[in-house]
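The values are calculated or read from the model by the stated rules, or taken from the named source; none is laboratory data. Since this is a predicted model, take the numbers as computed values, not measurements. Glycine gets a Cβ as well: all are built from the backbone with ideal geometry, and neighbour counts include every protein chain shown.
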Amino acid sequence: MSTVYSAEFAGKEISIRTDYVAAQANGSAYVRYGDTIVLVTAVWQKSRREDIDFLPLTVDYQEMTSAAGKIPGGFFKREGRPNEKETLTSRFIDRSIRPLFPKGWHNETQVIATVLSYDSDCGSDIAAMLGTSAALGVSDIPFNGPIAGVRVARRDGKLICNPTMEELDESDLDLFLVGRKVPRDGDEGAFDVNLVMVEGGASEADEDSVVEAINFGLASLPPVIELQDKIREALGRAKQAVETVEIDDELSRSVTERAQEKLASAYQITAKLERYEAIRETRREVQEELAGDDATIASQVDTVLDGIERSILRGMILNENTRIDKRSPRDIRPITCEVGVLPRTHGSAIFTRGETQALSIMTLGTSSDEQRLDWIGGEEFRRFMLHYNFPPYCVGEAKFLRGPGRREIGHGVLARRALVPVMPSPEDFPYTIRIVSEILSSNGSSSMATVCGGSLSLLDGGVPIKSVVAGIAMGLLKEGDKVAILSDILGDEDHAGDMDFKVCGTRKGVTAMQMDIKIDGITEDILRKALQQAREGRFHILDIMEKTIASPRSEMSRYAPRITTITINPERIRDVIGTGGKNIRHIISETGCSVDVEDDGTVTIASSEQEASERAIAMIRALTEEAEIGKIYTGTVKKIVDFGAFVEILPGIDGLVHISQLENRRVTKVTDVLQEGETVSVKVIDIDKNGKIRLSRKDALEEGA
């Protein structure tokens, strides 16, 4: 019988069993949080490829629909491609653990987190992050943990750790953050929890509130970190030794002599492709001269060259206060904005910042265009979509075009999260909105260019967003007491830096952020300074964007659908639809409009032509019009009985003309006055509580009808 280790985490019990299931994995953790259960396994491949000098790590988080008592939809009735949440959670875990493997660990390593039971109020992503750390901790895989994740929300001004779904729905801030245990110097057993990763959004929160939320979340993590320490002490295996390649001093000197000066010159080239070509040429020459066909020496040469490049770049910034493109740490590359670049689209913009360029295309649709998402916890209907594409030509490469990968999905979600807080409500703007961001050129933070371009395309399309949104990518380098915070980082600076973070928002506050930290020692003071510098950069970008377009256009594109909303009696919906959809298909084919009918009687008519919309509305009104007392109608005699005639005054609505109401004289036989199929003018004289209608032909005649 396995041992259950448990602790209280943000007011709820969370437990871990590590010797319970999946015994052939190198490490496993069976995590229970409320009724959420996640199994996480960690395995490493014993055979190692000699031709790689990186960590081949794969992380997969998967949700079994059986965990929520559901059977998958579709023909095959089994789980298929990962959904958006599964992809994002896989990325969260990967980004958090990847920097914590020691250098030199190049064996293939795989982490799989499987949701076996789902409780919507106890986050499966939180359990998966904890399980990943625990599984790696008890395994023989070298890992510099433990870590743990927590979600922080804010409802009615109060911060909450690991909120319920109801609390999260009512929150104006949602951050998922990960912290790592760092022993405190000189105080045996004591430790701090340092920030590793943050991702989330807010409704224009100020920077101080973001820092407060991060500190609040980190303060909740010690119990689950201590829990992992207890498990590892009891059940942990001895870690595998990491092979470190000793670089021969003579070889290192030879590489430095041949490459230092040339690489330093290459890093003076501001154009990305030219710089990369100069670096490649230098590396090729050194490899050919010193390594030849010897793969072992070639690997060592590469290691030395990597160190030289990193040292050159970091030295320029930390010692000379200058960057590759001659900017100071606070400078932002030149920005240009264009809107209305595509004449037939509903909104378009090109945002260019240095060598990064994004084309944003905005399309308006109706409620029938909403995206339906089937999550493990239920369905979501999304009326705002943002899709990010990163074609190979944007970085000068030739590759096969494939579907979006994890990176593309993650960048798209971040940009969408940044824009959601400023989107109009369905009542104010009853459109489905889709933005596609095509990255035309990339050298640093195309996701932030997507945020800026997306905001511009919304304004160009006349979407009444509440504020303009901009995003900026920041970097940080730290060596000892030297700290450099960089605004608008290049790809090279991201690679060589110690922290990269992206901040999006309006002039009021932050709407989305993403942060990855590769080192310890990022203090609260550094974090506050970084967020303040990001705020300054964001305002600079907003100034430029607003010079191009500062508010939504007063008119939408002539090619965009005009949406008109009317309300009908819900009981008359069947009359609009018709038998087998006959009536609504007729309206659509006759007018060319898009017609959507909601269960509450709301009917949405969309067309780019006003006349077509008016025709569709008239046809719907004719099908759903209600009889009014005192109003005269021209109807058709449907049935004659001894005591009167039934006349259809509206489609599907008829009333009785009593024999006494046929003429201003006594009528002995109804057929003396009316025949079935005859058209006749009648007046509504009464509608009883059961909806029965009384009609009068003689009153209509008196009024000259």
(request) Would you check which residues across the stretch 49-68 are farther than 21 Å from D94 by Cα, free of Cβ contacts under 8 Å to residues at least 60 places away in the same chain and assigned to a loop (DSSP other than H, G, I, E, B) and list them? (result) R49
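A quick yes/no check of all residues on (1) in contact with a strand residue (DSSP E or B) (Cβ under 7 Å, 6 or more places away or on another chain); (2) modelled with pLDDT under 95; (3) surrounded by 20 or more Cβ atoms within 10 Å (Cβ to Cβ):
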residue: P334; (1), (2), (3): no, no, no
residue: G340; (1), (2), (3): yes, no, no
residue: T352; (1), (2), (3): yes, no, yes
residue: Q357; (1), (2), (3): yes, no, yes
residue: I361; (1), (2), (3): yes, no, yes
(message) Exactly one of these conditions fails for S220: (1) closer than 20 Å to M515 by Cα; (2) under 20 Å from the mean Cα position of the chain (by Cα). Give me its number.
(response) (2)
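Only one of D374, D302, D306, D331 is part of a loop (DSSP other than H, G, I, E, B) and either more than 30 Å from V483 (Cβ to Cβ) or out of contact with any helix residue (DSSP H, G or I) (no Cβ under 7 Å at 6 or more places or on another chain) (or both). Can you tell me which? Break it down into steps so the answer makes sense when it comes.
Details: D374 fails: part of a loop (DSSP other than H, G, I, E, B); D302 fails: part of a loop (DSSP other than H, G, I, E, B); D306 fails: part of a loop (DSSP other than H, G, I, E, B).
Checking each option against the conditions leaves just D331.
Given the options L401, L419, name the one that is modelled with pLDDT of 95 or more, farther than 28 Å from V597 by Cβ, not in a strand (DSSP E or B) and not small (G, A, S). Spell out how you get there, then give the answer.
Values: L401 fails: modelled with pLDDT of 95 or more.
Just a single option satisfies the conditions, and that option is L419.
With the requirement that a residue be among the hydrophobic types (A, V, I, L, M, F, W, C), within 23 Å of the chain's Cα centre (by Cα) and part of a strand (DSSP E or B), what does the stretch 473-493 give you?
The first filter runs over the stretch 473-493 and keeps only residues among the hydrophobic types (A, V, I, L, M, F, W, C), leaving 473-474, 476-477, 483-486, 489-490.
Filter once more, so that each one left must be within 23 Å of the chain's Cα centre (by Cα): 473-474, 489.
Across the stretch 473-493, the qualifying residues are A473, M474.
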(message) Can you confirm whether K639 is within 29 Å of R574 (Cα to Cα), in contact with a Leu (Cβ under 8 Å, 6 or more places away or on another chain), in contact (Cβ under 8 Å) with a residue 24 or more places away in the chain and surrounded by fewer than 18 Cβ atoms within 10 Å (Cβ to Cβ)?
(response) no
(message) Exactly one of these conditions fails for E274: (1) closer than 23 Å to V395 by Cα; (2) at pLDDT below 90. Give me its number.
(response) (2)
(request) May I ask you to list the residues in the stretch 167-191 that are under 16 Å from A205 (Cα atoms) and crowded, with 16+ Cβ neighbours inside 10 Å? (result) L168, S171, D172, L173, D174, L175, F176
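Just to check your reading of the model, which residue among S15, S28, S47, S6 is loosely packed, with under 12 Cβ neighbours inside 10 Å and of a type in the set (S, T, Y)? Break it down into steps so the answer makes sense when it comes.
Details: S15 fails: loosely packed, with under 12 Cβ neighbours inside 10 Å; S28 fails: loosely packed, with under 12 Cβ neighbours inside 10 Å; S6 fails: loosely packed, with under 12 Cβ neighbours inside 10 Å.
Result of the check over S15, S28, S47, S6: S47.
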(message) Which residue is farthest from K326 (Cα to Cα), if the candidates are limited to the stretch 275-289 and must be under 40 Å from the mean Cα position of the chain (by Cα) and either assigned to a loop (DSSP other than H, G, I, E, B) or in contact (Cβ under 8 Å) with a residue 12 or more places away in the chain (or both)?
(response) R283
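Answer with yes or no whether F9 is within 30 Å of F216 (Cα to Cα), touching a Cys at 6+ places or on another chain (Cβ under 9 Å) and assigned by TED's automatic domain parsing to the domain that holds N162.
Numbers: within 30 Å of F216 (Cα to Cα): yes; touching a Cys at 6+ places or on another chain (Cβ under 9 Å): yes; assigned by TED's automatic domain parsing to the domain that holds N162: yes.
The answer is yes for F9.
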(message) Condition first: crowded, with 21+ Cβ neighbours inside 10 Å and on the phi > 0 side of the Ramachandran plot. Now tell me which residues in the stretch 598-622 satisfy that.
(response) none
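Select from the stretch 111-167 the residues that are assigned to a helix (DSSP H, G or I) and over 22 Å from V196 (Cβ atoms) and write down the one among them that is nearest to the chain's Cα centre (by Cα).
At the first step, the residues of the stretch 111-167 found to be assigned to a helix (DSSP H, G or I) are 124-138, 165-167.
Applying the additional criterion that residues be over 22 Å from V196 (Cβ atoms) yields 165-167.
Details: M165: 18, E166: 20, E167: 20 Å.
Among them, the one singled out is M165.
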(request) State whether the residues of the stretch 126-140 include one that is surrounded by fewer than 17 Cβ atoms within 10 Å (Cβ to Cβ), in the same structural domain as A67 (by TED's automatic domain parsing) and under 21 Å from F9 (Cβ atoms). (result) no
(request) Output the number of the condition that E479 fails; it satisfies all remaining conditions of (1) touching a helix residue (DSSP H, G or I) at 6+ places or on another chain (Cβ under 7 Å); (2) modelled with pLDDT of 95 or more. (result) (2)
(request) Kindly provide the set of residues from the stretch 455-472 that are touching a Leu at 6+ places or on another chain (Cβ under 6 Å) and either outside any loop (DSSP other than H, G, I, E, B) or outside the structural domain of L419 (by TED's automatic domain parsing) (or both), ordered by number. (result) A470
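Within the stretch 672-705, how many residues turn out to be charged (D, E, K, R) and either under 60 Å from the mean Cα position of the chain (by Cα) or more than 16 Å from V637 (Cα to Cα) (or both)? Talk me through it step by step, then tell me what you get.
Initially, the stretch 672-705 is screened for residues charged (D, E, K, R), giving 672, 676, 678, 683, 686, 688-689, 692, 694, 697-699, 702-703.
The next check asks that each one be either under 60 Å from the mean Cα position of the chain (by Cα) or more than 16 Å from V637 (Cα to Cα) (or both); those that pass are 683, 686, 688-689, 692, 694, 699, 702-703.
Number satisfying all stated conditions: 9.
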(message) Going residue by residue through the stretch 437-453, is there one that turns out to be within 22 Å of R382 (Cβ to Cβ), under 18 Å from the mean Cα position of the chain (by Cα) and surrounded by fewer than 24 Cβ atoms within 10 Å (Cβ to Cβ)?
(response) yes
(request) Can you run down the residue pairs with Cβ atoms below 7 Å, 6 or more apart or on separate chains, where the first is in the stretch 316-342 and in contact (Cβ under 8 Å) with a residue 60 or more places away in the chain and under 19 Å from K478 (Cβ atoms) and the partner is part of a strand (DSSP E or B) and among the charged types (D, E, K, R)? (result) L318/E479; L318/K482
(request) Considering only the stretch 179-274, give the helices (runs of 4 or more DSSP H) lying wholly within it that have at least 2 residues that are of a type in the set (D, E), assigned by TED's automatic domain parsing to the domain that holds D94 and touching a residue at least 24 places away in the same chain (Cβ under 8 Å). (result) 207-219, 222-235
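Among the residues in the stretch 535-544, are any modelled with pLDDT of 95 or more, within 25 Å of G347 (Cα to Cα) and touching a helix residue (DSSP H, G or I) at 6+ places or on another chain (Cβ under 7 Å)? Full working, then the answer.
Of all residues in the stretch 535-544, those modelled with pLDDT of 95 or more come to 535-544.
Now drop any that are not within 25 Å of G347 (Cα to Cα), which leaves 538-544.
If we keep only those that are touching a helix residue (DSSP H, G or I) at 6+ places or on another chain (Cβ under 7 Å) too, we end up with 541.
Yes.
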(request) Assess whether R253 counts as being of a type in the set (K, R), at pLDDT below 95 and surrounded by fewer than 17 Cβ atoms within 10 Å (Cβ to Cβ). (result) yes
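Please work out if E598 is among the charged types (D, E, K, R), within 29 Å of M556 (Cβ to Cβ) and outside the structural domain of T345 (by TED's automatic domain parsing). Show your work before the answer.
Details: among the charged types (D, E, K, R): yes; within 29 Å of M556 (Cβ to Cβ): yes; outside the structural domain of T345 (by TED's automatic domain parsing): yes.
Taking the combined requirement at face value, the residue satisfies it.
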(request) For the stretch 72-94, name all the residues that are over 17 Å from the mean Cα position of the chain (by Cα) and touching a residue at least 24 places away in the same chain (Cβ under 8 Å). (result) G73, D94
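Return the only residue of A530, A496, A534 being more than 22 Å from the chain's Cα centre (by Cα), crowded, with 23+ Cβ neighbours inside 10 Å and not assigned by TED's automatic domain parsing to the domain that holds R180.
Going through A530, A496, A534 in turn, the sole match is A530.
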(request) Determine whether the stretch 406-413 contains at least one residue that is outside the structural domain of D174 (by TED's automatic domain parsing) and in a loop (DSSP other than H, G, I, E, B). (result) no
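Scan the stretch 82-105 residue by residue and report those that are at negative phi and modelled with pLDDT under 90.
To start, the set of residues in the stretch 82-105 that are at negative phi comprises 82-103, 105.
Listed by number, the list holds a single entry, K103.
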